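K.L.:
Dropping the structure in here first, questions after.
The values are calculated or read from the model by the stated rules, or taken from the named source; none is laboratory data. Here the structure is a predicted model, which means the values were calculated and not measured. Every residue, glycine among them, receives a Cβ derived from its backbone with ideal geometry; neighbour counts consider all protein chains shown. For the accessible areas, the whole protein counts, side chains as well, though only heavy atoms, and no ligand, DNA or RNA atoms are used. Shrake-Rupley method; radii C 1.70, N 1.55, O 1.52, S 1.80 Å.
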Amino acid sequence: MPSPHIALLIEPGSTPSSVMTTLDMINIARRYPQAAECQVDLLSSMGGATELAAAVRVETQAMPASLARYAAVILPGFFADDVASLTLQLQTLWQPAMARLRTVRPGTLVAASCYGTFVLAESGLLDGRHATTTWWLQAAFRQRYPAIHLDADRVLVDDGNAITAGAMTAHTDLSLHMLRRLFGAALARHVGGIMLVDGARTSQRPFMALQRHFADPLIQEAADWMAQRCTTPVSTQDLAAALHVSYRTLHRRFSAAAGMPPLTYLQELRVEHAKELLEDSRLSLEQIVERIGYSDVSAFRRLFSRTAGLSPAQYRQRFKRTL
């Protein structure tokens, strides 16, 4: 059986780490008999030297009219300053890749990470499937692609022949998983061992940060008010009174802007403060809970675990700084 032929689709601004991680893993995989003849084509719409970042250029081939010959197609992440910049690139730079993605054969593995998941979504190949994306653009992804079942907590989602991964370094998990699908678990373990990666991360949640800036002046004022008082026992009714609006109006506008009601936002602010104290201090959980305005340690432990995806003890073990 011929070894799988892989296409890696890139354009100017693709993240160098994603591109090189894929190439490094495939080069290591070729040391083993089952992948010795594996071929990977680095493709771009224009072909030739393609600039990924300042002083980082790679040689590419021009994309063929069809990707039907490939057993797997991989899309790395790319750089975009904001949603507007991302949208512009989807409408221009990445249009050729989207058109080629629609030419893959049924059963071809298609994979994307970070902003590359938006390109794969635009092609329509994720419709009706489960997927993940970079966590800080999950709201934009949901709004743009309602036909896709998004689980942005997940680092990697495998839905048959469509594989997606989350933010930036999740491309490492994606590349390793692609090797597992193409060549088997044993080869993936060998490659992972050489690169000191195991693909064991399951959640982006421990790395998520709470949105602090909003275009709606009322919501920005509400977020600032809660941030200044998140260590004291205040209520969302206090917030509405301070802003001179009804709670119903505040709840509706805040939920639309932040993707969560004010009470949930206040709780997550407290979790964010607890994260800082777990990372930077030797305070016990009981002392931390007291500092952030809670009285029930068990209830806060449950809230923290649900929000951060790790227990407070697990979070401290993983992220504590040397004191």
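K.L.:
Quick check on this structure: which one of ALA72, ALA80 is over 12 Å from the mean Cα position of the chain (by Cα), within 16 Å of PRO12 (Cα to Cα) and among the hydrophobic types (A, V, I, L, M, F, W, C)?
P.N.:
ALA80
K.L.:
Could you list all residues from the range 4-37 that are buried (at least 23 other Cβ atoms within 10 Å of the Cβ) and assigned to a loop (DSSP other than H, G, I, E, B)?
P.N.:
ILE10, GLU11, THR15 - these are the residues of the range 4-37 that are buried (at least 23 other Cβ atoms within 10 Å of the Cβ) and assigned to a loop (DSSP other than H, G, I, E, B).
K.L.:
PHE141: among the aromatic types (Phe, Trp, Tyr) and in contact with a strand residue (DSSP E or B) (Cβ under 7 Å, 6 or more places away or on another chain), yes or no?
P.N.:
Yes; evaluated as a whole, the condition is true for this residue.
K.L.:
Among the listed residues ALA111, ALA121, which satisfies the condition of being surrounded by 24 or more Cβ atoms within 10 Å (Cβ to Cβ), of a type outside the set (Val, Ile, Thr) and not in a helix (DSSP H, G or I)?
P.N.:
On inspection, the qualifying residue turns out to be ALA111.
K.L.:
Same structure again: Among the residues that make up the range 180-200, is at least one of them free of Cβ contacts under 8 Å to residues at least 60 places away in the same chain and within 16 Å of the chain's Cα centre (by Cα)?
P.N.:
There is at least one residue in the range 180-200 that is free of Cβ contacts under 8 Å to residues at least 60 places away in the same chain and within 16 Å of the chain's Cα centre (by Cα).
K.L.:
Now, a different point. For the list (1) farther than 30 Å from HIS5 by Cβ; (2) buried (at least 19 other Cβ atoms within 10 Å of the Cβ), I need the number of the one condition that ARG212 fails.
P.N.:
(2)
K.L.:
How many residues does the range 232-241 hold that are at pLDDT 90 or above, surrounded by fewer than 20 Cβ atoms within 10 Å (Cβ to Cβ) and either of a type in the set (Ser, Thr, Tyr) or touching a helix residue (DSSP H, G or I) at 6+ places or on another chain (Cβ under 7 Å) (or both)?
P.N.:
Number satisfying all stated conditions: 1.
K.L.:
If you go through the range 138-153 one residue at a time, do you hit one that is touching a Gly at 6+ places or on another chain (Cβ under 6 Å), crowded, with 17+ Cβ neighbours inside 10 Å and part of a loop (DSSP other than H, G, I, E, B)?
P.N.:
The answer is no, given that none of the residues of the range 138-153 is touching a Gly at 6+ places or on another chain (Cβ under 6 Å), crowded, with 17+ Cβ neighbours inside 10 Å and part of a loop (DSSP other than H, G, I, E, B).
K.L.:
Those residues that are open to solvent by less than 10 Å² (accessible area, probe 1.4 Å) and among the hydrophobic types (A, V, I, L, M, F, W, C), I need them from the range 166-209; list them, please.
P.N.:
Answer for the range 166-209, where residues must be open to solvent by less than 10 Å² (accessible area, probe 1.4 Å) and among the hydrophobic types (A, V, I, L, M, F, W, C): ALA170, LEU174, LEU176, MET178, LEU179, LEU187, ALA188, VAL191.
K.L.:
Considering each residue of the range 83-101, count those that are within 12 Å of ILE10 (Cα to Cα) and touching a strand residue (DSSP E or B) at 6+ places or on another chain (Cβ under 9 Å), and give that number.
P.N.:
4
K.L.:
I would also like to ask the following. Which one of the conditions (1) crowded, with 19+ Cβ neighbours inside 10 Å; (2) out of contact with any Phe, Trp or Tyr (no Cβ under 8 Å at 6 or more places or on another chain) does GLN89 fail to meet, given that it meets all the rest?
P.N.:
Every condition holds for GLN89 apart from (2).
K.L.:
Can you find even one residue in the range 129-140 that is in contact with a Ser or Thr (Cβ under 9 Å, 6 or more places away or on another chain), among the aromatic types (Phe, Trp, Tyr) and either closer than 17 Å to GLN204 by Cβ or modelled with pLDDT of 95 or more (or both)?
P.N.:
no
K.L.:
Taking ALA35 and the conditions (1) over 29 Å from ARG189 (Cα atoms); (2) touching a residue at least 12 places away in the same chain (Cβ under 8 Å), which numbered condition does it fall short on, given that it satisfies the others?
P.N.:
Just one mismatch for ALA35, condition (1).
K.L.:
Also, quick follow-up: LEU67: in a strand (DSSP E or B), within 26 Å of ALA170 (Cβ to Cβ), among the aliphatic types (A, V, I, L, M) and touching a Ser or Thr at 6+ places or on another chain (Cβ under 6 Å), yes or no?
P.N.:
When the stated conditions are applied, LEU67 does not pass them.
K.L.:
Which members of the range 269-292 meet the condition of being surrounded by 15 or more Cβ atoms within 10 Å (Cβ to Cβ), farther than 13 Å from ARG316 by Cβ and touching a helix residue (DSSP H, G or I) at 6+ places or on another chain (Cβ under 6 Å)?
P.N.:
The answer is LEU269, VAL271, VAL289, ILE292.
K.L.:
Then there's this: Residues that are modelled with pLDDT under 90 and of a type in the set (A, V, I, L, M): which helices (runs of 4 or more DSSP H) entirely in the range 263-323 hold 1 or more of them?
P.N.:
Where helices (runs of 4 or more DSSP H) fall fully within the range 263-323 and carry at least 1 residues being modelled with pLDDT under 90 and of a type in the set (A, V, I, L, M), they are 297-308.
K.L.:
Answer yes or no: is there a residue in the range 242-253 that is within 22 Å of the chain's Cα centre (by Cα) and open to solvent by less than 70 Å² (accessible area, probe 1.4 Å).
P.N.:
Looking for residues that are within 22 Å of the chain's Cα centre (by Cα) and open to solvent by less than 70 Å² (accessible area, probe 1.4 Å), one finds none in the range 242-253, hence no.
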